[in-house]
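The structure appears below as structure tokens.
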Amino acid sequence: METNYWAILVCAVASMVIGFVWYGPLFGRKWMEINELSADDLAKREAMQKSAGPLYGVQFLLSLLQIYILSNLFQWTGAGDKAVWTSFFLWLGFVMPTVAGLAMWNAKPAKVRWAMFLISSGYQLILFLVYGTILSVWR
């Protein structure tokens, strides 16, 4: 089985689209609130928008790396039709505990830490399930 670079690229684009929706219309207000950001503060918003372009580029490259590794892991283990389940268990065993640890040791109040954890880990879960689906269907 060869690496399907088109599937990897589609996964990376999907990750950006999901991120825009997740941290925009779905949870954007809550995310800004727990990070003490105000949509009304024009100066801060302009500064954030200026710095966002390069960060989106870096995030896209990091997504490509993550998906490439995941794709190769599927090949090495012969995950095939079980790629979605494999993705879920990778999220459950590695991603979710890492995100939980980052949230748990954050200096913010417990309620805020839980909100950060749920939003971030939920986003990662959706990503991993989408990656598993695309990579298993488009071999």
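Bear in mind these aren't lab numbers, they're just calculated from the coordinates by the rules spelled out. Owing to the predicted nature of the structure, the values given are computational and were not obtained by experimental measurement. Note that we place each Cβ from the backbone using ideal geometry, even for glycine, and neighbour counts take in every protein chain shown.
Some points to look at:
- In sequence order, calculated HN-Hα J values of segment 22-31 (Karplus, 6.51, -1.76, 1.60; Hz; x Gly/Pro): 4, 8, x, x, 6, 10, x, 4, 5, 4
- Across segment 64-139, Cα-Cα pairs more than 17 Å apart make up 46 percent of the total.
- Normalised by 2.2 N^0.38 Å, where N counts its residues, the alpha-carbon radius of gyration of segment 1-59 equals 1.46.
- The helix-based estimate of mean residue ellipticity at 222 nm for the chain, built from -39,500 (n - 2.57) per DSSP H run of four or more residues and divided by its residue count, is -25500 deg cm²/dmol to the nearest 500.
- Extending 7 Å from the Cα toward the beta-carbon at both Leu92 and Arg29 defines two label points whose distance is 3.4 nm.
- Of the Cα atoms belonging to segment 92-135, the radius of gyration and Dmax stand at 11.7, 39 Å.
- In summary, the lysines within cross-link reach of Lys111, defined as a Cα separation below 17 angstrom excluding same-chain residues under 8 places away, comprise Lys30.
- Candidate membrane-span-like segments in the chain, meaning DSSP H helices with Cα atoms spread over at least 18 Å of their own axis and a Kyte-Doolittle mean of 0.0 or above, are 5-21, 42-77, 110-137, with no membrane implied.
- Percentage relative contact order, the chain, counting C-alpha pairs under 8 Å, at least six apart: 38
- Two-decimal ratio, segment 5-137, of alpha-carbon radius of gyration to 2.2 N^0.38 Å: 1.15
- Taken along the Cα-to-beta-carbon direction at a fixed 7 Å, the label points for Gln49 and Leu9 span 3.0 nm.
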